[in-house]
Amino acid sequence: MAAAPPEDSPLHQFVIQPLVPIHVGNADLSFTNSSLFMVVAITLVTLFLTLGMRRQNLVPGRWQSMAEMSYEFVAGMVRDNVGSAGRKYFPFVFTLFMFVLFGNLLGLLPYSFTFTSHIAVTAALAVTVIVGVTLVGIATHGLHFFSFFVPKGVPVALLPLMIPIEVISYLSRPVSLSIRLFANMMAGHTMLKVFAGFVVLLGFLGGWAPLAMDVALTAFELLVAFLQAYVFTVLTCIYLNDAIHLH
Amino acid sequence: MTENEKPPSLSDLDARLRRARRREADEEPGKGPAGPPLSGIGLAFRVGVELVAAMAVGVGIGLLVDRWLGTKPWGMAIFFLLGSAAGVLNVYRAVSGIGSAVGYRNPRDGGTDKE
């Protein structure tokens with residue numbers, strides 16, 4: 001890290017700090033604060049769902065109904081966007097949704113780290129999605145899958161131009177998927193910290209206005225956390241539907 | 001409405017629910033809302049990202065092709081143009097409300113593409 005932002009910078013919150021240094025050969029596999037919060041997110045999701053469903057009442061309590069709502073929400077999303085053929089892939093989509101959602105929400109706690117604000121994390125998720133979806137498409141349709149890139153109703157003379165365009169358009173999906181999540185999270189958290197910095201600078205007399213702004217922004221960030229997890233998952237469903245059904 | 005009639009048991013209810021759900025799932029072949037509902041700024045952000053992402057992918061491919069074939073400026077130039085075209089295509093698809101489906105064609109114009 002050549003130039004880490006100073007302690008009081010709004011970008012300091014994004015610095016990756018190794019907690020347990022692990023070096024294998026030239027690769028730096030250290031357990032960082034980012035890894036720590038991923039583990040925390042996974043643990044919390046697991047606890048939330050298993051403990052919530054510990055007593056399966058017919059009339060659910062508050063906790064059980066929250067767990068059931070998250071299940072129903074993702075199940076409805078898969079059903080609406082992919083149809084019954086997508087039921088096989090529900091576990092993956094549900095895991096993705098809960099992981100991103102808990103990552104976004106955990107990041108809102110003071111002193112925590114938002115791993116979804118790093119493009120390394122979101123790009124890894126998006127590439128997993130795209131590679132997986134492409135493999136599903138090839139497994140379902142064989143080589144016929146590649147007819148996906150040949151737009152229909154186009155004169156043959158234009159095909160050498162259209163096929164590269166379609167391929168680039170397909171390859172740009174993981175890029176836009178990962179940029180959307182990471183940019184939203186990073187912009188929101190930077191803004192929170194910038195206004196929090198104003199509170200300190202303006203002191204007791206003038207600090208109330210940015211403080212009120214920060215309260216409002218926190219509520220807005222809560223919305224963004226849910227919305228971006230939803231967007232990420234629903235786009236995964238749409239891509240899955242494209243691969244399974246090949247318009 | 002008779003009081004002495006026994007209410008249907010829960011397993012019966014469950015079976016009927018399952019049947020109804022299956023019927024519903026068969027009727028509708030996965031054509032729900034094609035994408036998240038977007039506010040104005042959400043749409044603007046999405047359009048911007050789509051445009052730039054495709055351009056970046058195009059330039060990236062062009063640079064790789066150049067390194068591979070040693071055709072220094074040409075690969076980048078050509079794939080930049082292709083990437084821009086793909087970006088415009090993405091934006092067109094995003095704003096016409098059909099998600100970002102590659103190879104998607106509106107069922108209204110054509111209709112011969114049912115496989």
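General remarks:
- Loop sites in the range A:141-234: trypsin sites (Lys or Arg not before Pro), DSSP, at most 12 other Cβ within 10 Å: A:K152
- GNM top mover of A:Q13, A:Q64, A:Q56 - chain A, alpha-carbon springs below 10 Å: A:Q56
- The protein assembly as shown: Lys pairs at Cα distance under 21 angstrom, eight or more positions apart or on different chains: 4
- For the range A:51-141, the Kirkwood radius over C-alpha pairs fed into Stokes-Einstein at 37 °C and 0.692 mPa s yields D = 214 µm² per second.
- One chain, two ends: A:L211 and A:L58. Fully extended at 0.36 nm per residue, the span grows by 50.6 nm beyond their Cα-Cα distance.
- With the gyration tensor restricted to C-alpha atoms of the protein assembly as shown, the semi-axes of the equivalent ellipsoid amount to 36, 35, 20 Å, longest first.
- Remark: the protein assembly as shown carries a charge dipole of roughly 540 debye about the Cα centre, counting +1 on each Lys and Arg Cβ and -1 on each Asp and Glu Cβ.
- With each label modelled as a point 7 angstrom along the Cα→C-beta vector, the A:L143-A:F31 pair spans 4.9 nm.
- R0 of 45 Å, Cβ-Cβ distance A:L246-A:V24: FRET efficiency to nearest 0.05: 0.60
- Estimated from helices alone, the mean residue ellipticity of chain A at 222 nm is -24000 deg cm²/dmol (sum of -39500 (n - 2.57) over DSSP H runs with n ≥ 4, per residue).
- Sequence-distant contacts, meaning Cα pairs under 8 Å at least 6 residues apart, place the relative contact order of chain A at 24 percent.
- Per the Debye calculation on the range A:208-247 with a single equal scatterer at every Cα and no solvent contribution, log₁₀ I(q)/I(0) for q = 0.27 Å⁻¹ amounts to -0.81.
- Among the trypsin sites (Lys or Arg not before Pro) in the range A:1-90, those placed in a DSSP loop whose Cβ has at most 13 other Cβ atoms within 10 Å are A:R54, A:R55.
- At R0 = 56 Å, FRET efficiency that the Cβ-Cβ distance of A:V15 and B:A15 yields, to 0.05: 0.50
- Kyte-Doolittle at least 0.0, axis length at least 30 Å by Cα - qualifying DSSP helices, chain A: A:119-141, A:159-206, A:208-245
- Computed label-point distance, nm, for sites A:Y111 and B:L64 using a 7 Å Cα→Cβ extension: 4.4
- Residues A:R173, B:R16 in ascending order of nearby Cβ atoms (within 10 Å, fewest first): B:R16, A:R173.
Throughout, read-outs are computed from the coordinates displayed, never taken from laboratory work. This one's a predicted model, so the numbers in the text were calculated from it and none came from an experiment. Don't worry about glycine lacking a Cβ; one is built from the backbone with ideal geometry, like all the others, and counts go over all protein chains shown.
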